[in-house]
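Take a look at the structure below.
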Amino acid sequence: MRANISCLKLALATVITTATLVFSAGVIADDPADTQAENEVCRDNHVLSARLFTDVCWGCIFPIKVAGATLGPSGEVPDDSAKGMVCACADGLGVYHPGILSAMWEPRRFIELTRTPGCMSSLGGAKLDLGSELQYGPQTDGAQDERLRASISFYNAHMYAMPLLRMLDLYLPGDCNADPYSDFDIISFTEIDPTWNNTTLAFFQNPESAAVSNVIAQQACAVEAAAQFAGSQPQSTLWWCAGSWGGQYPLTGSVRTMDTPRTTSLAATRQLAIEHRRGLAYRSVGNDVACRAKIYPTIPKQQYKLNMFYPTPETKKGHNIGESPYKWQGGMFRYPTGMGQDSTYMIFQWSDCCRTL
(Lines give C-alpha, C1' and ligand atoms only; values in the text may rest on other atoms or scores of the structure.)
Protein backbone atom coordinates (compact mmCIF):
# COMPACT_ATOMS: atom_id res chain seq x y z
CA MET A 1 0.00 0.00 0.00
CA ARG A 2 2.79 2.40 0.95
CA ALA A 3 4.58 1.52 -2.27
CA ASN A 4 1.50 2.44 -4.30
CA ILE A 5 1.16 5.75 -2.45
CA SER A 6 4.83 6.52 -3.06
CA CYS A 7 4.45 5.76 -6.75
CA LEU A 8 1.36 7.96 -6.91
CA LYS A 9 3.21 10.86 -5.24
CA LEU A 10 6.15 10.44 -7.60
CA ALA A 11 3.87 10.44 -10.63
CA LEU A 12 2.02 13.52 -9.38
CA ALA A 13 5.28 15.35 -8.73
CA THR A 14 6.50 14.45 -12.21
CA VAL A 15 3.33 15.83 -13.81
CA ILE A 16 3.52 19.08 -11.83
CA THR A 17 7.22 19.54 -12.62
CA THR A 18 6.68 18.87 -16.33
CA ALA A 19 3.76 21.31 -16.49
CA THR A 20 5.81 23.97 -14.73
CA LEU A 21 8.72 23.58 -17.13
CA VAL A 22 6.44 23.74 -20.16
CA PHE A 23 4.76 26.88 -18.83
CA SER A 24 8.08 28.50 -18.03
CA ALA A 25 9.52 27.71 -21.44
CA GLY A 26 6.47 28.91 -23.30
CA VAL A 27 5.58 32.04 -21.35
CA ILE A 28 8.34 33.24 -19.07
CA ALA A 29 11.47 32.71 -21.14
CA ASP A 30 12.17 32.38 -24.83
CA ASP A 31 15.15 30.17 -25.56
CA PRO A 32 16.88 31.46 -28.72
CA ALA A 33 17.74 27.90 -29.71
CA ASP A 34 14.09 26.84 -29.51
CA THR A 35 12.83 29.82 -31.52
CA GLN A 36 15.54 29.95 -34.16
CA ALA A 37 13.58 27.92 -36.70
CA GLU A 38 10.37 29.91 -36.31
CA ASN A 39 12.26 33.22 -36.44
CA GLU A 40 13.74 32.28 -39.82
CA VAL A 41 10.22 32.20 -41.26
CA CYS A 42 9.08 35.52 -42.73
CA ARG A 43 5.38 35.74 -42.01
CA ASP A 44 2.86 38.02 -43.66
CA ASN A 45 1.30 40.37 -41.09
CA HIS A 46 -1.58 41.05 -43.53
CA VAL A 47 -1.24 44.82 -43.44
CA LEU A 48 -2.25 44.96 -47.10
CA SER A 49 -5.48 43.06 -46.59
CA ALA A 50 -8.89 43.38 -44.96
CA ARG A 51 -7.10 43.48 -41.60
CA LEU A 52 -6.21 47.07 -42.39
CA PHE A 53 -9.87 47.81 -41.71
CA THR A 54 -10.82 45.19 -39.12
CA ASP A 55 -7.71 45.22 -36.92
CA VAL A 56 -7.06 48.96 -36.73
CA CYS A 57 -8.08 50.84 -33.60
CA TRP A 58 -10.34 53.38 -35.27
CA GLY A 59 -11.50 54.64 -31.90
CA CYS A 60 -7.93 55.65 -31.11
CA ILE A 61 -8.24 58.78 -33.24
CA PHE A 62 -10.50 60.27 -30.55
CA PRO A 63 -10.91 62.64 -28.91
CA ILE A 64 -11.04 65.26 -31.66
CA LYS A 65 -10.72 68.83 -30.40
CA VAL A 66 -12.13 71.78 -32.34
CA ALA A 67 -12.01 75.30 -30.90
CA GLY A 68 -11.70 73.94 -27.40
CA ALA A 69 -14.67 71.57 -27.73
CA THR A 70 -14.11 67.83 -27.47
CA LEU A 71 -15.84 65.65 -30.06
CA GLY A 72 -16.36 61.91 -29.98
CA PRO A 73 -15.62 59.38 -27.26
CA SER A 74 -13.43 60.42 -24.38
CA GLY A 75 -9.75 59.62 -24.64
CA GLU A 76 -6.35 60.75 -23.50
CA VAL A 77 -5.21 64.21 -24.55
CA PRO A 78 -1.48 64.94 -24.15
CA ASP A 79 -0.68 67.27 -21.28
CA ASP A 80 1.63 69.16 -23.66
CA SER A 81 -1.09 69.75 -26.27
CA ALA A 82 -2.12 73.22 -27.44
CA LYS A 83 -4.47 75.14 -25.16
CA GLY A 84 -7.14 77.62 -26.17
CA MET A 85 -9.85 78.07 -28.79
CA VAL A 86 -8.50 80.55 -31.33
CA CYS A 87 -5.11 81.15 -32.89
CA ALA A 88 -3.35 83.15 -35.59
CA CYS A 89 -0.69 82.21 -38.14
CA ALA A 90 1.45 84.38 -40.39
CA ASP A 91 1.57 83.87 -44.13
CA GLY A 92 4.63 84.21 -46.34
CA LEU A 93 4.42 88.01 -46.18
CA GLY A 94 4.20 88.10 -42.40
CA VAL A 95 0.48 88.92 -42.33
CA TYR A 96 -1.36 87.10 -39.57
CA HIS A 97 -4.63 85.28 -40.25
CA PRO A 98 -7.00 84.21 -37.46
CA GLY A 99 -8.07 80.63 -37.06
CA ILE A 100 -9.33 77.97 -34.67
CA LEU A 101 -7.35 75.26 -32.94
CA SER A 102 -8.01 71.63 -33.81
CA ALA A 103 -6.27 68.44 -32.76
CA MET A 104 -6.59 64.67 -33.00
CA TRP A 105 -4.67 61.39 -33.03
CA GLU A 106 -3.69 60.48 -36.59
CA PRO A 107 -2.54 57.00 -37.67
CA ARG A 108 0.62 57.77 -39.63
CA ARG A 109 3.23 55.01 -39.39
CA PHE A 110 3.78 51.28 -39.20
CA ILE A 111 6.93 49.92 -37.56
CA GLU A 112 7.68 46.23 -37.84
CA LEU A 113 10.33 44.51 -35.72
CA THR A 114 11.91 41.34 -37.03
CA ARG A 115 14.72 39.01 -36.05
CA THR A 116 15.16 37.89 -39.66
CA PRO A 117 17.16 40.42 -41.74
CA GLY A 118 15.32 41.44 -44.87
CA CYS A 119 11.95 40.08 -43.72
CA MET A 120 9.32 42.56 -44.88
CA SER A 121 6.18 41.31 -43.16
CA SER A 122 4.15 44.28 -44.36
CA LEU A 123 4.99 43.45 -47.98
CA GLY A 124 3.35 40.05 -47.91
CA GLY A 125 6.19 38.34 -46.06
CA ALA A 126 8.71 39.03 -48.81
CA LYS A 127 12.41 38.56 -48.01
CA LEU A 128 14.67 41.16 -49.58
CA ASP A 129 18.33 40.63 -50.32
CA LEU A 130 19.75 43.68 -48.61
CA GLY A 131 23.40 42.74 -49.03
CA SER A 132 25.96 40.42 -47.53
CA GLU A 133 25.17 38.71 -44.23
CA LEU A 134 28.32 40.36 -42.91
CA GLN A 135 26.36 43.61 -42.91
CA TYR A 136 23.63 42.21 -40.71
CA GLY A 137 23.68 43.10 -37.03
CA PRO A 138 24.63 40.21 -34.74
CA GLN A 139 21.89 39.35 -32.29
CA THR A 140 24.25 40.06 -29.38
CA ASP A 141 25.90 43.18 -30.82
CA GLY A 142 29.26 41.40 -30.72
CA ALA A 143 29.09 40.56 -27.00
CA GLN A 144 31.47 37.76 -26.03
CA ASP A 145 30.31 37.19 -22.47
CA GLU A 146 27.77 34.35 -22.31
CA ARG A 147 25.63 36.04 -19.69
CA LEU A 148 25.57 39.27 -21.69
CA ARG A 149 24.60 37.38 -24.84
CA ALA A 150 21.69 35.79 -23.00
CA SER A 151 20.43 39.17 -21.77
CA ILE A 152 20.36 40.99 -25.13
CA SER A 153 17.90 40.69 -28.00
CA PHE A 154 18.42 42.17 -31.44
CA TYR A 155 15.68 43.30 -33.81
CA ASN A 156 15.76 45.00 -37.18
CA ALA A 157 13.16 47.73 -37.63
CA HIS A 158 11.29 48.74 -40.77
CA MET A 159 9.27 51.95 -40.84
CA TYR A 160 6.42 52.48 -43.30
CA ALA A 161 4.31 55.53 -44.03
CA MET A 162 0.65 54.71 -43.51
CA PRO A 163 -1.45 57.92 -43.38
CA LEU A 164 -4.71 56.00 -43.27
CA LEU A 165 -7.09 58.92 -42.90
CA ARG A 166 -5.55 60.71 -45.86
CA MET A 167 -5.40 57.55 -47.98
CA LEU A 168 -9.12 56.94 -47.43
CA ASP A 169 -10.03 60.63 -47.90
CA LEU A 170 -11.50 60.67 -44.41
CA TYR A 171 -9.46 63.65 -43.26
CA LEU A 172 -7.39 66.26 -45.05
CA PRO A 173 -4.79 67.73 -42.68
CA GLY A 174 -3.98 71.41 -42.77
CA ASP A 175 -0.68 72.86 -43.84
CA CYS A 176 0.47 73.25 -40.23
CA ASN A 177 1.37 69.63 -39.53
CA ALA A 178 0.74 67.89 -42.83
CA ASP A 179 2.34 64.49 -43.26
CA PRO A 180 4.81 64.60 -46.17
CA TYR A 181 3.56 61.15 -47.17
CA SER A 182 0.17 60.69 -48.78
CA ASP A 183 0.27 56.94 -49.44
CA PHE A 184 1.77 53.68 -48.23
CA ASP A 185 5.54 53.82 -48.60
CA ILE A 186 8.77 52.46 -47.15
CA ILE A 187 10.60 55.06 -45.07
CA SER A 188 13.56 53.16 -43.64
CA PHE A 189 14.97 49.75 -42.83
CA THR A 190 17.81 49.25 -40.40
CA GLU A 191 19.65 46.47 -42.22
CA ILE A 192 21.55 49.15 -44.17
CA ASP A 193 21.99 51.49 -41.18
CA PRO A 194 25.49 50.89 -39.74
CA THR A 195 24.63 52.61 -36.44
CA TRP A 196 21.74 50.21 -35.69
CA ASN A 197 24.00 47.24 -35.01
CA ASN A 198 27.05 49.02 -33.63
CA THR A 199 26.86 50.82 -30.28
CA THR A 200 30.16 52.65 -30.89
CA LEU A 201 28.95 54.24 -34.12
CA ALA A 202 25.62 55.00 -32.46
CA PHE A 203 27.44 56.84 -29.67
CA PHE A 204 29.31 59.12 -32.07
CA GLN A 205 26.07 59.92 -33.85
CA ASN A 206 24.24 60.50 -30.55
CA PRO A 207 26.89 61.77 -28.08
CA GLU A 208 24.17 62.98 -25.70
CA SER A 209 23.89 59.36 -24.54
CA ALA A 210 27.00 59.96 -22.41
CA ALA A 211 25.04 62.42 -20.26
CA VAL A 212 22.37 59.85 -19.37
CA SER A 213 24.54 56.73 -19.02
CA ASN A 214 24.65 56.83 -15.25
CA VAL A 215 22.77 55.45 -12.28
CA ILE A 216 20.94 58.67 -11.44
CA ALA A 217 19.54 59.05 -14.95
CA GLN A 218 18.38 55.43 -15.02
CA GLN A 219 16.73 55.78 -11.61
CA ALA A 220 14.70 58.62 -13.07
CA CYS A 221 13.37 56.12 -15.62
CA ALA A 222 12.19 53.90 -12.76
CA VAL A 223 10.32 56.85 -11.26
CA GLU A 224 8.64 57.52 -14.61
CA ALA A 225 7.66 53.86 -14.89
CA ALA A 226 6.01 53.95 -11.47
CA ALA A 227 4.20 57.19 -12.28
CA GLN A 228 2.88 55.77 -15.55
CA PHE A 229 1.64 52.64 -13.85
CA ALA A 230 -0.29 54.92 -11.50
CA GLY A 231 -1.90 56.68 -14.47
CA SER A 232 0.43 59.53 -15.39
CA GLN A 233 1.51 60.35 -18.93
CA PRO A 234 5.12 60.02 -20.16
CA GLN A 235 7.40 62.79 -18.93
CA SER A 236 8.71 64.84 -21.85
CA THR A 237 11.59 66.15 -19.76
CA LEU A 238 12.92 62.60 -19.32
CA TRP A 239 13.65 62.24 -23.02
CA TRP A 240 16.12 59.38 -22.47
CA CYS A 241 13.56 57.18 -20.70
CA ALA A 242 10.84 54.88 -21.96
CA GLY A 243 9.00 54.13 -18.74
CA SER A 244 8.76 50.46 -17.84
CA TRP A 245 10.48 49.54 -21.11
CA GLY A 246 13.83 50.92 -19.92
CA GLY A 247 16.25 53.48 -21.31
CA GLN A 248 16.11 54.63 -24.91
CA TYR A 249 19.88 54.80 -25.29
CA PRO A 250 21.90 53.53 -27.05
CA LEU A 251 19.83 54.03 -30.19
CA THR A 252 20.54 50.57 -31.60
CA GLY A 253 18.65 47.34 -32.20
CA SER A 254 20.30 45.63 -29.24
CA VAL A 255 17.73 45.70 -26.45
CA ARG A 256 17.88 44.25 -22.97
CA THR A 257 15.78 41.10 -23.07
CA MET A 258 12.44 41.51 -21.29
CA ASP A 259 9.04 40.13 -22.16
CA THR A 260 8.57 40.36 -25.92
CA PRO A 261 5.97 43.20 -25.90
CA ARG A 262 8.32 45.53 -24.01
CA THR A 263 11.41 44.45 -25.94
CA THR A 264 9.84 45.10 -29.34
CA SER A 265 8.11 48.29 -28.19
CA LEU A 266 11.42 49.71 -26.98
CA ALA A 267 13.05 48.90 -30.32
CA ALA A 268 10.19 50.68 -32.12
CA THR A 269 10.54 53.70 -29.83
CA ARG A 270 14.26 53.87 -30.55
CA GLN A 271 13.50 53.95 -34.25
CA LEU A 272 11.18 56.92 -33.69
CA ALA A 273 13.88 58.60 -31.60
CA ILE A 274 16.39 58.12 -34.42
CA GLU A 275 14.03 59.81 -36.86
CA HIS A 276 13.83 62.83 -34.55
CA ARG A 277 17.57 62.85 -33.89
CA ARG A 278 18.28 62.98 -37.62
CA GLY A 279 15.75 65.74 -38.25
CA LEU A 280 13.40 63.45 -40.17
CA ALA A 281 10.48 63.71 -37.73
CA TYR A 282 8.80 66.80 -36.34
CA ARG A 283 7.15 67.86 -33.12
CA SER A 284 3.43 68.39 -33.68
CA VAL A 285 2.18 68.87 -30.10
CA GLY A 286 2.02 72.25 -28.36
CA ASN A 287 0.90 75.82 -29.00
CA ASP A 288 4.23 76.78 -30.57
CA VAL A 289 3.82 74.24 -33.39
CA ALA A 290 0.14 74.86 -34.15
CA CYS A 291 1.07 76.89 -37.23
CA ARG A 292 4.04 74.86 -38.36
CA ALA A 293 5.66 71.67 -37.07
CA LYS A 294 9.23 72.01 -35.89
CA ILE A 295 12.27 69.77 -36.02
CA TYR A 296 12.86 68.38 -32.54
CA PRO A 297 16.07 66.48 -31.71
CA THR A 298 14.56 64.30 -28.98
CA ILE A 299 11.37 62.29 -29.10
CA PRO A 300 8.30 64.11 -27.70
CA LYS A 301 6.88 61.04 -26.00
CA GLN A 302 3.40 62.41 -25.36
CA GLN A 303 3.02 62.96 -29.09
CA TYR A 304 2.89 59.24 -29.87
CA LYS A 305 0.76 56.24 -29.06
CA LEU A 306 1.61 52.70 -30.10
CA ASN A 307 -0.98 50.16 -31.13
CA MET A 308 -0.04 46.53 -31.69
CA PHE A 309 -1.23 45.31 -35.09
CA TYR A 310 0.52 41.95 -35.26
CA PRO A 311 0.41 39.24 -34.03
CA THR A 312 -2.47 40.13 -31.64
CA PRO A 313 -4.10 43.44 -32.57
CA GLU A 314 -5.22 46.08 -30.11
CA THR A 315 -8.52 47.16 -31.64
CA LYS A 316 -9.95 49.14 -28.73
CA LYS A 317 -7.13 51.26 -27.37
CA GLY A 318 -3.47 52.12 -27.82
CA HIS A 319 -0.77 52.60 -25.22
CA ASN A 320 1.70 55.31 -24.33
CA ILE A 321 5.45 55.00 -24.72
CA GLY A 322 6.69 53.19 -21.64
CA GLU A 323 3.30 51.87 -20.52
CA SER A 324 3.40 48.46 -18.85
CA PRO A 325 2.02 45.63 -21.05
CA TYR A 326 -0.18 44.63 -18.12
CA LYS A 327 -2.25 47.74 -18.91
CA TRP A 328 -2.52 47.02 -22.63
CA GLN A 329 -5.69 45.67 -24.17
CA GLY A 330 -5.62 41.94 -23.46
CA GLY A 331 -2.56 42.08 -21.21
CA MET A 332 0.98 41.07 -22.04
CA PHE A 333 0.51 37.53 -23.35
CA ARG A 334 0.13 38.46 -26.99
CA TYR A 335 2.23 35.93 -28.91
CA PRO A 336 0.46 32.70 -29.90
CA THR A 337 2.57 29.56 -29.90
CA GLY A 338 4.45 29.07 -33.16
CA MET A 339 4.02 32.69 -34.31
CA GLY A 340 7.56 33.75 -33.51
CA GLN A 341 8.53 37.02 -31.84
CA ASP A 342 8.21 39.48 -34.71
CA SER A 343 5.84 42.39 -34.09
CA THR A 344 4.17 45.21 -35.98
CA TYR A 345 2.94 48.43 -34.38
CA MET A 346 0.79 51.20 -35.77
CA ILE A 347 1.94 54.64 -34.63
CA PHE A 348 -0.66 57.28 -33.81
CA GLN A 349 0.58 60.87 -33.70
CA TRP A 350 -1.14 63.76 -31.94
CA SER A 351 -1.30 66.81 -34.18
CA ASP A 352 -2.19 70.32 -33.01
CA CYS A 353 -3.20 72.56 -35.89
CA CYS A 354 -4.30 76.16 -36.30
CA ARG A 355 -6.83 76.18 -39.13
CA THR A 356 -6.83 79.71 -40.47
CA LEU A 357 -10.01 81.24 -41.83
Where the second residue is among the hydroxyl-bearing types (Ser, Thr, Tyr) and the first is exposed (fewer than 14 other Cβ atoms within 10 Å of the Cβ) and lies in the stretch 60-77, which pairs have Cβ atoms under 8 Å and are six or more apart or on separate chains?
Ala67/Ser102
Residues that are of a type in the set (Asp, Glu) and outside any helix (DSSP H, G or I): does the stretch 194-214 have at least one?
no
Go through (1) within 19 Å of Pro107 (Cα to Cα); (2) crowded, with 23+ Cβ neighbours inside 10 Å one by one and return the number of the condition Tyr249 breaks.
(1)
Tell me the residue from Gln341, Gln329 that is under 22 Å from Arg51 (Cα atoms) and without any contact (Cβ under 8 Å) to a residue 60 or more places away in the chain, please.
Gln329
Determine whether Val255 is of a type in the set (Val, Ile, Thr), touching a residue at least 24 places away in the same chain (Cβ under 8 Å), surrounded by 20 or more Cβ atoms within 10 Å (Cβ to Cβ) and more than 20 Å from Glu106 (Cα to Cα).
yes
Output the residues belonging to the stretch 193-225 that are hydrophobic (A, V, I, L, M, F, W, C), more than 23 Å from Tyr296 (Cβ to Cβ) and exposed (fewer than 12 other Cβ atoms within 10 Å of the Cβ).
Val215, Ile216
Test: residue in the stretch 149-156 that is among the aliphatic types (A, V, I, L, M) and either modelled with pLDDT of 90 or more or farther than 28 Å from Thr356 by Cβ (or both):
yes
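The values are calculated or read from the model by the stated rules, or taken from the named source; none is laboratory data. Please read these numbers as outputs of a predicted model, since none were measured by experiment. Please note: Cβ atoms are built from the backbone with ideal geometry, for glycine as well, and neighbour counts cover all protein chains shown.
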